[in-house]
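Engineer: Mind having a look at this structure? Questions to follow.
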Amino acid sequence: TQAQFIAAQFAILKISTGDIFRANVSEGTELGVTAKKYMDAGDLVPDEVTSAMVRERLREDDANDGFLLDGYPRTVPQAETLDEIITDVGSDQLDVVLELVVDDEEVIRRLSGRRTCRNCGHIWHVDFDPPKQEGVCDDCGGQLFQRDDDKSETVRHRLEVYAEQTAPLIAFYAEKGVLVGIDATGPVDDVTERAIAALRPFA
Ligand code: AMP
């Protein structure tokens, strides 16, 4: 949710691994078929698969002027591979890593109410940011759907996976001196404002 606003504010390319996986699932590619099993279960797609995909994406010309990674890295091995990829493509190392600090109950409320546009990918929320007409995207008229992995049982499992595999990245990036945390509770717009303020010094 925040990545789309941050990318727009700083006019920077947004690369979301979840979006790339979902596009592959809809197109029925081999990568999509592999990823779907993990995604539906709320598990992480294996590091080799995910990092190979990111490596390929960061080699494209449009990534030369900087990028915002959304949803990657999600494990320490992915973060280590990212360092290598960045060196290989001749980019500068990461300027900043943004941690959105919010408690689990709030995460469950937000994800289980989230609705995504099948056509343009815009994200709405049934309580916090509802579209004017239920099930229809205000931006493009596309149909809204609930991601399988946003169903509440799967969200709980994703939180366990986060604690086990992703949370160690906080220490990893804090040690490198690039971690900035913001309070991510409250309305979407307030969080966006905090995120932009925290990132502005790096723009
Ligand atoms: P997201 O849209 O970022 O929540 O990602 C949706 C799902 O895609 C995740 O629950 C994972 O199954 C998969 N995925 C996305 N990014 C990664 C990643 N960096 N590593 C492994 N799996 C990922």
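Engineer: Looking only at region 64-87, which residues are in contact (Cβ under 8 Å) with a residue 24 or more places away in the chain, more than 13 Å from the chain's Cα centre (by Cα) and either within 9 Å of the ligand (Cβ to nearest atom) or under 11 Å from Phe172 (Cβ atoms) (or both)?
Structural biologist: Of everything in region 64-87, those that are in contact (Cβ under 8 Å) with a residue 24 or more places away in the chain, more than 13 Å from the chain's Cα centre (by Cα) and either within 9 Å of the ligand (Cβ to nearest atom) or under 11 Å from Phe172 (Cβ atoms) (or both) turn out to be Thr75, Val76, Pro77, Gln78, Ala79, Leu82.
Engineer: Return the total of residues in region 158-187 being surrounded by 14 or more Cβ atoms within 10 Å (Cβ to Cβ), within 16 Å of the ligand (Cβ to nearest atom) and in a helix (DSSP H, G or I).
Structural biologist: 10
Engineer: Go through (1) over 24 Å from Lys36 (Cα atoms); (2) without any contact (Cβ under 8 Å) to a residue 12 or more places away in the chain one by one and return the number of the condition Glu153 breaks.
Structural biologist: (1)
Engineer: Related question: Look at Thr87 and say whether it is among the hydroxyl-bearing types (Ser, Thr, Tyr) and modelled with pLDDT of 95 or more.
Structural biologist: Numbers: among the hydroxyl-bearing types (Ser, Thr, Tyr): yes; modelled with pLDDT of 95 or more: no.
So Thr87 does not fit the description; no.
Engineer: A follow-up question, please. Give region 188-203 a look and list any residue that's open to solvent by 70 Å² or more (accessible area, probe 1.4 Å) and acidic (Asp, Glu), or say none.
Structural biologist: Asp189, Glu193
Engineer: With respect to Thr34, determine if the residue is under 17 Å from the mean Cα position of the chain (by Cα) and more than 30 Å from Ala197 (Cα to Cα). Please lay out each step first, then the result.
Structural biologist: Details: under 17 Å from the mean Cα position of the chain (by Cα): no; more than 30 Å from Ala197 (Cα to Cα): yes.
In short, no.
Engineer: Looking only at region 2-39, filter to residues that are within 10 Å of the ligand (Cβ to nearest atom) and of a type in the set (Ser, Thr, Tyr); which one of those is surrounded by the fewest Cβ atoms within 10 Å (Cβ to Cβ)? Lay out the reasoning, then the answer.
Structural biologist: The first filter runs over region 2-39 and keeps only residues within 10 Å of the ligand (Cβ to nearest atom), leaving 3, 16-22, 25, 35-39.
If we keep only those that are of a type in the set (Ser, Thr, Tyr) too, we end up with 16-17, 38.
Details: Ser16: 18, Thr17: 22, Tyr38: 16.
My answer is Tyr38.
Engineer: Right, here's the next one. Identify, by number, the condition in (1) modelled with pLDDT of 90 or more; (2) surrounded by fewer than 17 Cβ atoms within 10 Å (Cβ to Cβ) that Gln93 doesn't meet.
Structural biologist: (1)
Engineer: For region 40-49, check the following and say yes or no: at least one residue is within 12 Å of the ligand (Cβ to nearest atom), without any contact (Cβ under 8 Å) to a residue 40 or more places away in the chain, over 26 Å from Val188 (Cα atoms) and touching an Asp or Glu at 6+ places or on another chain (Cβ under 9 Å).
Structural biologist: We begin by selecting, within region 40-49, every residue within 12 Å of the ligand (Cβ to nearest atom); these are 40-49.
Subset that is without any contact (Cβ under 8 Å) to a residue 40 or more places away in the chain: 45-49.
Cutting the leftovers down to over 26 Å from Val188 (Cα atoms) gives us 45-49.
Applying the additional criterion that residues be touching an Asp or Glu at 6+ places or on another chain (Cβ under 9 Å) yields none.
Scanning region 40-49 turns up no residue that is within 12 Å of the ligand (Cβ to nearest atom), without any contact (Cβ under 8 Å) to a residue 40 or more places away in the chain, over 26 Å from Val188 (Cα atoms) and touching an Asp or Glu at 6+ places or on another chain (Cβ under 9 Å).
Engineer: Answer with yes or no whether Val76 is touching a Phe, Trp or Tyr at 6+ places or on another chain (Cβ under 7 Å) and either at pLDDT below 95 or surrounded by fewer than 16 Cβ atoms within 10 Å (Cβ to Cβ) (or both).
Structural biologist: Working: touching a Phe, Trp or Tyr at 6+ places or on another chain (Cβ under 7 Å): yes; either at pLDDT below 95 or surrounded by fewer than 16 Cβ atoms within 10 Å (Cβ to Cβ) (or both): yes.
Considered against the rule, which asks whether it is touching a Phe, Trp or Tyr at 6+ places or on another chain (Cβ under 7 Å) and either at pLDDT below 95 or surrounded by fewer than 16 Cβ atoms within 10 Å (Cβ to Cβ) (or both), Val76 comes out as yes.
The values are calculated or read from the model by the stated rules, or taken from the named source; none is laboratory data. None of the values given here were measured: they were computed from a predicted structure. Backbone-built Cβ (ideal geometry, glycine too); neighbour counts: all protein chains shown. Calculation scope for accessible area: heavy atoms of the full protein, side chains included, ligands and nucleic acids excluded. Shrake-Rupley method; radii C 1.70, N 1.55, O 1.52, S 1.80 Å.
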